[in-house]
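Beneath this line is the structure, given in structure tokens, with notes to follow.
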Amino acid sequence: MAVPARRTSKAKKAKRRTHYKLAGAGLSACPNCGELRRPHRVCPSCGYYDGKAVVEKD
């Protein structure tokens, strides 16, 4: 069974993991109100989806 000869240092491990990042949520402008919203979801500010009122907003 293969066993590492030396312990991997914290610096070496951190350099290997530099590309492990969280990506920000992709946002697009609502065509109805212009607010940023997640794609393919009802707009939380106006309640529209695909040009139709889906959720009643006060």
Can you compute the FRET efficiency between Leu22 and Ser45 using 1/(1 + (r/R0)^6), with r the Cβ-Cβ distance and R0 = 35 Å? Round to the nearest 0.05. 0.90
Counting each DSSP H run of 4 or more residues in the chain as -39500 (n - 2.57), what helix-only mean residue ellipticity at 222 nm follows after dividing by all residues, to the nearest 500 deg cm²/dmol? -3000 deg cm²/dmol
Give the cross-link partners of Lys10 among the lysines, using a straight C-alpha distance below 25 Å as the criterion and excluding same-chain residues fewer than 8 apart. Lys21
With the crude spin-label approximation of a point 7 Å out along Cα→Cβ, what separation in nm comes out for Val3 versus Arg38? 4.7 nm
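Order by neighbour count: Glu56, Glu35, fewest other Cβ atoms within 10 Å first, most last. Please report the intermediate quantities before stating the final value.
Working: Glu56 6, Glu35 12.
With the sparsest Cβ surroundings first, the list reads Glu56, Glu35.
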Between (1) 0.94; (2) 2.22; (3) 1.10, which entry matches Cα Rg over 2.2 N^0.38 Å as derived from the coordinates of this structure? (2)
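All of the numbers you see were taken from the coordinates with simple rules; none came from a lab. It should be emphasised that the depicted structure is a prediction, and the values quoted were computed from it without experimental measurement. Glycine also receives a Cβ, built like all others from the backbone with ideal geometry; neighbour counts cover every protein chain displayed.
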